[in-house]
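For reference, the structure is listed below as structure tokens.
The values are calculated or read from the model by the stated rules, or taken from the named source; none is laboratory data. Every value quoted in this text rests on a predicted model; they were computed, and no experiment measured them. Neighbour counts run over all protein chains shown; Cβ positions are idealised from the backbone, glycine included. Accessible surface is based on the protein model in full, side chains and every heavy atom, while ligands, DNA and RNA are left aside. Shrake-Rupley method; radii C 1.70, N 1.55, O 1.52, S 1.80 Å.
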Amino acid sequence: MTVQRTLSILKPDATERNLTGAINAMLEEAGFRIVAQKRVHLSEKQAGAFYAVHKERPFYGELVSYMMSGPVVVQVLEREDAVAKYRDIMGATNPANAAEGTIRKRFAESIERNSVHGSDSADNAATEIKFFFSDCEIVG
Ligand code: CMP
């Protein structure tokens with residue numbers, strides 16, 4: 001498996017509780033390199049566009065409101081098999097189902113305030129990375 005990149009977001013519940021460093025430490029211990037990172041406050045338009053794939057879902061409006069409710073940290077993570085490995089360490093979307101040792105088991109408060117987002121496929125990772133970062137902002 002070759003080195004791959006994935007898009008990560010530390011969500012408003014994580015920045016609110018000052019967990020950026022604690023989550024980054026878990027990522028680095030798990031073998032990820034943070035090759036791009038910035039703290040941003042999403043507009044309604046940005047949050048809506050990022051999650052457009054969920055537009056028809058009943059939780060879309062609340063998801064967009066939540067993601068613009070405070071700052072987020074967007075990151076590009078790099079390691080072998082990054083998409084799948086990040087999903088492993090994030091844990092299940094609903095923290096009630098998250099395995100021991102995962103970020104969501106340790107930090108998430110609910111299915112909405114679930115601390116982190118990660119791309120769900122290599123194709124989506126490429127799209128999501130481009131959404132937030134230009135090539136020159138990613139330094140491997
Ligand atoms: P994320 O991995 O960022 O992708 C979409 C998000 O929608 C998901 O994490 C959850 O935080 C959020 N969400 C809110 N309600 C639900 C729900 N009922 N089912 C799935 N995802 C939900």
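Heavy-atom accessible surface of the stretch 48-106, averaged per residue, reaches 51 Å², computed with a 1.4 Å probe. The relative contact order of the stretch 55-140, computed from alpha carbon pairs under 8 Å that lie at least 6 residues apart in sequence, is 23 percent. Computed over the chain, the P(r) curve from all C-alpha pair distances, binned at 5 Å from the origin, holds 2, 11, 21, 25, 24, 14, 5, 1 percent per bin.
Compactness check for the stretch 70-140: Cα Rg over 2.2 N^0.38 Å is 1.17. Its Kirkwood hydrodynamic radius, worked out from the mean inverse distance over all distinct Cα pairs, puts the stretch 1-62 at 14.0 Å. For the residues His54, His117, His41, a GNM of the chain with alpha-carbon springs under 10 Å puts the largest fluctuation on His54. Using the Cβ-Cβ distance between Asn97 and Glu62 with R0 set to 25 Å, the FRET efficiency from 1/(1 + (r/R0)^6) comes to roughly 0.80.
When Lys and Arg each count +1 and Asp and Glu each count -1, what net charge do the other residues less than 15 Å away from Arg5, Cβ to Cβ, add up to? My count for the surroundings of Arg5 gives -3. Label separation (Glu16 vs Asp123): 3.5 nm, computed from points 7 Å beyond Cα along the C-beta direction.
In this simple spin-label approximation, Asp81 and Lys38 carry label points 7 Å from Cα along the Cα→Cβ vector, and these lie 3.2 nm apart. For the stretch 21-140, the carbon plus sulfur part of the accessible surface works out to 49%, probe radius 1.4 Å.
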